[in-house]
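Enquirer: Take this structure, written in structure tokens, and hold onto it; I'll ask about it next.
The values are calculated or read from the model by the stated rules, or taken from the named source; none is laboratory data. Owing to the predicted nature of the structure, the values given are computational and were not obtained by experimental measurement. Here the Cβ positions follow ideal geometry from the backbone for every residue, glycine too, while neighbour counts run over all protein chains shown.
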Amino acid sequence: MSAVAQSSCALSSYLSTSSVASTRPESFVLSGRLESSARRDLPRAEATASQGGGSTAAGRLSLASALLASGIRLFRPGHNFRRPPRLRHALPSAAETEWQQHGSSEEDLNWIDEASERESIETVRTRLLDTVPGWPAEFPEDMVHDIQIARFLRGHSRDPEQAAAFMARALAYRQQLLSQQKFQDLRRRQAGATEADLGALPRATGFRAMGICAVEGLSEDGLPVALTAARLLDFDAIEELMKDGDDLDTCLKCMIEQRALVLHNLSVQQRRMVKFIDVRDLTHVRVLDILGRGRGFVRKIIKTLALIQDFYPETVHKILIYNVPSTFDMIFGGLIAGLLNKRMRSKFKVYSRQSLQTSMAERLGACATWSWLSQVTAGVDFHRLQLGGGGFETAARWLGATGQTVQWRVQVLDGPGVTLRCAFMPSTKASAVEVRVRSEPLALLAVKSHEEGTFTAPGAGVLIMCLESLEPWWGASSSVLLRIDGCH
């Protein structure tokens with residue numbers, strides 16, 4: 001395989017996957033918000049869960065291939081290799097700094113500031129009158145609205161000349177989409193939508209194969225949440241979808257267009273610039289599968305990411321990547337940095353498995369957390385769970401009211417044992433309650449031992465229980481039983 005092909009494949013381990021992680025043993029603060037109960041009953045099924053650039057694509061991939069050729073190594077999935085000292089600390093700190101400077105400011109969610117943005121908006125309008133045929137009369141309202149112009153301004157350093165140039169190209173692209181019947185039908189069906197319904201899109205069943213899921217509930221900022229989960233990738237189904245590449249392209253483009261419509265409707269409704277929170281759950285990601293069978297799919301994902309960055313700016317508020325494997329820093333620092341502009345890179349937040357509960361609390365509401373975790377492990381058998389060395393799983397249960405009590409039991413059936421960590425994430429803005437195992441917040445379960453207990457909910461929320469192997473990646477496996485009774 002050529003270096004460029006390798007670089008394209010390596011990118012997909014981050015672009016098209018994601019994960020949950022286990023948690024720190026110390027106490028933590030979790031806060032959440034149950035946003036969706038007023039409009040829809042929460043599912044009662046038992047839930048168990050685990051975990052604008054100017055460079056060309058060729059130039060970006062040349063950079064990526066050069067980085068790979070310079071010695072980046074890709075290890076087998078699940079291996080907990082120590083990160084190289086040069087990257088281990090430098091990348092997270094740099095990402096955190098950019099996040100604070102550019103990506104985390106809640107001002108980015110504000111409605112149009114008449115004092116500071118009106119003049120720039122009018123300048124962009126004037127430039128578009130000169131450069132875009134049919135502007136604004138021949139375009140839908142959502143494409144010419146002031147909040148749409150503001151997205152381009154904020155996405156391009158509030159420079160009206162740069163914003164106008166990018167928006168002109170975006171309008172030409174979207175006008176071409178509007179000439180196609182599928183996009184006309186989509187926009188007609190989704191004209192007033194305030195939720196991204198994947199079922200309304202062409203080839204809707206294919207999204208599950210690509211690990212793309214809808215999430216119930218909102219983020220802590222009250223923003224909609226989108227999920228991509230690595231463990232749900234079905235390469236057999238993806239290969240079938242890839243046989244009709246044009247149709248798959250249309251499917252992905254429809255998804256992006258639907259999201260843009262939903263965000264516009266929500267923004268006008270809420271009088272703020274609403275964006276998506278993208279959750280990428282990398283639990284159990286198999287890098288070798290991504291580099292092998294996922295080659296063609298990666299090219300589609302690269303195109304999709306480029307469309308969002310250049311033609312749909314400021315539709316993503318934050319990109320949260322959970323349970324990051326040891327090779328991610330190298331992929332992110334080498335490949336992603338070369339493919340994305342500074343503004344898009346600033347939106348990334350990378351979480352190791354040790355920061356699961358605190359990071360969820362910072363960004364996601366309890367309902368969204370429950371929805372995410374329950375979907376990604378719907379098929380996991382917690383009655384005889386196999387945890388390899390260094391492995392982990394997380395179970396989630398929804399408790400719907402104050403005083404609801406659950407009984408739980410963890411038993412090591414075989415192997416060296418596991419670590420159990422528990423927490424309760426309330427559905428209202430409040431500190432979390434740490435669930436204690438006997439008198440300690442952290443329990444280490446030895447071979448053939450068991451722990452059991454009860455928990456009474458202080459209010460509606462999600463109970464999270466993380467099981468992690470006591471052994472490192474090269475150690476023995478453990479077989480574990482987890483039961484949680486008395487909740488949904």
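Enquirer: Considering only segment 109-122, state which residues are part of a helix (DSSP H, G or I) and surrounded by fewer than 17 Cβ atoms within 10 Å (Cβ to Cβ).
Expert: Hits for segment 109-122 are E114, A115, S116, R118, E119, E122.
Enquirer: Okay, moving on. Looking only at residues in segment 396-439 that are among the basic types (K, R) and within 17 Å of G217 (Cβ to Cβ), which one is modelled with the highest pLDDT?
Expert: Filtering first and then ranking leaves R397.
Enquirer: Sticking with this structure for a sec: Given the conditions (1) among the polar types (S, T, N, Q); (2) over 22 Å from F166 (Cα atoms); (3) more than 19 Å from the chain's Cα centre (by Cα), which single one is not true for T283?
Expert: It fails just one condition, (3).
Enquirer: What is the residue count in segment 147-164 for residues that are surrounded by fewer than 18 Cβ atoms within 10 Å (Cβ to Cβ) and at pLDDT 95 or above?
Expert: 4
Enquirer: Can you tell me which residue is nearest to S371 (Cα to Cα) among those in segment 211-259 that are within 15 Å of the chain's Cα centre (by Cα) and basic (K, R)?
Expert: R231
Enquirer: Residue under question is A191, and the condition is that it be part of a loop (DSSP other than H, G, I, E, B), among the aliphatic types (A, V, I, L, M) and surrounded by fewer than 20 Cβ atoms within 10 Å (Cβ to Cβ); does it hold?
Expert: Yes.
Enquirer: Listed residues M143, M167; which is closer than 19 Å to N341 by Cβ, at pLDDT 95 or above and surrounded by 15 or more Cβ atoms within 10 Å (Cβ to Cβ)?
Expert: Step by step, each of M143, M167 is checked, and only M167 is closer than 19 Å to N341 by Cβ, at pLDDT 95 or above and surrounded by 15 or more Cβ atoms within 10 Å (Cβ to Cβ).
Enquirer: Checking the conditions here, which among L442, L482 is surrounded by 14 or more Cβ atoms within 10 Å (Cβ to Cβ) and modelled with pLDDT under 85?
Expert: L442
Enquirer: May I pose another question? Of R169, R203, R174, R208, which residue is farther than 27 Å from Q270 by Cα, under 27 Å from the mean Cα position of the chain (by Cα) and assigned to a helix (DSSP H, G or I)?
Expert: R208
Enquirer: In this structure, is V447 modelled with pLDDT under 80, buried (at least 19 other Cβ atoms within 10 Å of the Cβ) and of a type in the set (A, V, I, L, M)?
Expert: no
Enquirer: Output the number of residues of segment 277-294 satisfying the condition of being over 21 Å from A214 (Cβ atoms) and not in a loop (DSSP other than H, G, I, E, B).
Expert: Residues flagged as over 21 Å from A214 (Cβ atoms) and not in a loop (DSSP other than H, G, I, E, B) within segment 277-294 amount to 5.
Enquirer: May I ask you to list the residues in segment 142-157 that are under 17 Å from V274 (Cα atoms) and not aliphatic (A, V, I, L, M)?
Expert: Within segment 142-157, D142, H145, D146, Q148, R151, F152, R154, G155 qualify.
Enquirer: If I ask for residues that are out of contact with any helix residue (DSSP H, G or I) (no Cβ under 8 Å at 6 or more places or on another chain), surrounded by fewer than 21 Cβ atoms within 10 Å (Cβ to Cβ) and either among the hydrophobic types (A, V, I, L, M, F, W, C) or not in a strand (DSSP E or B) (or both), which ones from segment 460-479 would you list?
Expert: L470, E471, P472, W473, W474, G475, A476, S477
Enquirer: Can you tell which of G403, G390 is more than 19 Å from H284 (Cα to Cα) and in a loop (DSSP other than H, G, I, E, B)?
Expert: G403
Enquirer: How do the pairs read when you match residues in segment 214-228 that are among the polar types (S, T, N, Q) with residues anywhere that are part of a loop (DSSP other than H, G, I, E, B), using Cβ under 6 Å and keeping only pairs 6 or more apart or on different chains?
Expert: Once the first residue is among the polar types (S, T, N, Q) and sits in segment 214-228, its partners that are part of a loop (DSSP other than H, G, I, E, B) give T228/G211.
Enquirer: Residues that are surrounded by 16 or more Cβ atoms within 10 Å (Cβ to Cβ), in the same structural domain as P325 (by TED's automatic domain parsing) and part of a helix (DSSP H, G or I): does segment 216-231 have at least one?
Expert: Yes, because at least one residue in segment 216-231 is surrounded by 16 or more Cβ atoms within 10 Å (Cβ to Cβ), in the same structural domain as P325 (by TED's automatic domain parsing) and part of a helix (DSSP H, G or I).
Enquirer: Kindly evaluate E362 against the criterion of being acidic (D, E) and either touching a Pro at 6+ places or on another chain (Cβ under 7 Å) or modelled with pLDDT of 85 or more (or both).
Expert: no
Enquirer: With (1) over 23 Å from E114 (Cα atoms); (2) assigned to a helix (DSSP H, G or I) as the list, and F139 as the residue in question, which single condition is left unmet?
Expert: Evaluating F139 over (1) over 23 Å from E114 (Cα atoms); (2) assigned to a helix (DSSP H, G or I) leaves (2) as the failure.
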